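Report on the following structure.
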Amino acid sequence: MSGNNDQQLFLGIDGGGSKCKAIIVVQNAVSQEIEILGTGISGPSNPFHGYEQAINSIVESAELALKDADLNNVKLNELIAGVGLAGVNLPVIFDQMSAWQHPFKHMFLATDLLIACLGAHQGKDGAVMITGTGSCGYSYVDGCEFMIGGHGFPHGDKGSGAWFGLQAAKQVLMSVDGLVAPSIMNNVLLTKLGCDNEIALVEAIAGKPAHYYAKLANLVFDAAEQGDEVARRIVEEGAEYINCVARTLWNKQPSRMSMIGGLTSRLKPWLNKDIQSRLSEPLISPELGSVMYARQQLALL
């Protein structure tokens, strides 16, 4: 297929703290129409938390997408890649990834925020809040970019999956020590991690990355929805932070705002009603936003 001069294969990457999503798209050079051929998902791909892990996940997800598309004879060096990653909002990380001797025909690197915004509003101005392993807000209005949060776990990313998971672990440890009241989360967390006491729990969670804690986030929401007051306070605190992010973004007067990320379905119902009512569903996925970005940048070459 890539040998046909009327067609070009694009790779779209959406890389976050827990997983890397890839999509293979073919564009007809004459009609400009695109067709999704295959998808692939691999592991964590935030280079802030591990450069080698990130580049391995990007390559693996791309290869899985080619396999899913049944393009066994197509090589990575035939693909034009749009790569949107968490963590590259930091200049030192962006420079590190830009220096990667990647295997693609071309690679156009962007933040996960930019490609999410492009996808959510199909290339038009707007804003996005990402609530996945990490959390961040971003708007693009009249050519001006604005970002809030995105400072990384554990010192930032409040209201994210990693943050909720960490709060659960901290609360359970304090409860086991007898400093605060026990919660529904106690037995659930200890059982999930195969721990019998606080020492075993500390050993299980010590030094773990953001995506590990993000896997614990759902138990906080489960407990809150069962009426557990401790879990409810955690969820309300995280939700109020996201409320503040939304209000700050609305001050930039975007025409649309979308909420994106793996925690969205659990967290959105806890936001203030006025915030919920103003949110719009994303028009296309972040990985398609990466393809859109790659096509824009290729046209500038």
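The values are calculated or read from the model by the stated rules, or taken from the named source; none is laboratory data. Remember, it's a predicted structure, so these values are computed and weren't measured experimentally. With ideal geometry, Cβ positions are generated from the backbone for all residues, glycine too; neighbour counts draw on all protein chains shown.
For the reader, a short list of remarks on this structure follows.
Results for (1) over 24 Å from LEU283 (Cα atoms); (2) outside any helix (DSSP H, G or I); (3) touching a residue at least 40 places away in the same chain (Cβ under 8 Å), shown as yes or no for each residue.
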{"site": "ILE55", "(1), (2), (3)": "yes, no, yes"}
{"site": "LYS67", "(1), (2), (3)": "yes, no, no"}
{"site": "GLY82", "(1), (2), (3)": "no, yes, yes"}
{"site": "PRO103", "(1), (2), (3)": "yes, yes, yes"}
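- Check on GLN296, more than 18 Å from the chain's Cα centre (by Cα), under 29 Å from GLY123 (Cα atoms), modelled with pLDDT under 95 and not β-branched (Val, Ile, Thr): yes
- Screening the candidates ASP112, ASP142 for the property of being within 30 Å of SER255 (Cβ to Cβ), buried (at least 17 other Cβ atoms within 10 Å of the Cβ) and of a type in the set (Asp, Glu) yields one hit, ASP112.
- Matching residues in the stretch 197-251 - criterion: being within 18 Å of SER183 (Cβ to Cβ), in a loop (DSSP other than H, G, I, E, B) and free of Cβ contacts under 8 Å to residues at least 40 places away in the same chain: ASN197, GLY227
- Extreme residue, surrounded by the most Cβ atoms within 10 Å (Cβ to Cβ), among residues of the stretch 183-196 that are free of Cβ contacts under 8 Å to residues at least 40 places away in the same chain and outside any helix (DSSP H, G or I): CYS195
- Among the residues making up the stretch 25-61, a single one is over 17 Å from the mean Cα position of the chain (by Cα) and either buried (at least 22 other Cβ atoms within 10 Å of the Cβ) or among the basic types (Lys, Arg) (or both): VAL25.
- Selection status of PRO254, farther than 26 Å from GLY40 by Cα and either at pLDDT below 95 or touching a strand residue (DSSP E or B) at 6+ places or on another chain (Cβ under 6 Å) (or both): yes
- Count - residues of the stretch 252-292 that are among the polar types (S, T, N, Q), within 12 Å of ALA239 (Cα to Cα) and assigned to a loop (DSSP other than H, G, I, E, B): 1
- In the stretch 246-271, the residues that are touching a Ser or Thr at 6+ places or on another chain (Cβ under 8 Å) and within 17 Å of GLY16 (Cβ to Cβ): SER258, MET259, ILE260, GLY261, GLY262, LEU263, THR264, LEU267
- Considered as a group, the residues in the stretch 209-229 that are within 25 Å of GLY87 (Cβ to Cβ) and of a type in the set (Phe, Trp, Tyr) include one that is surrounded by the fewest Cβ atoms within 10 Å (Cβ to Cβ), and that residue is TYR212.
- Per the listing ARG247, ARG278, ARG232, the residue uniquely surrounded by fewer than 21 Cβ atoms within 10 Å (Cβ to Cβ), under 19 Å from GLU145 (Cα atoms) and among the charged types (D, E, K, R) is ARG247.
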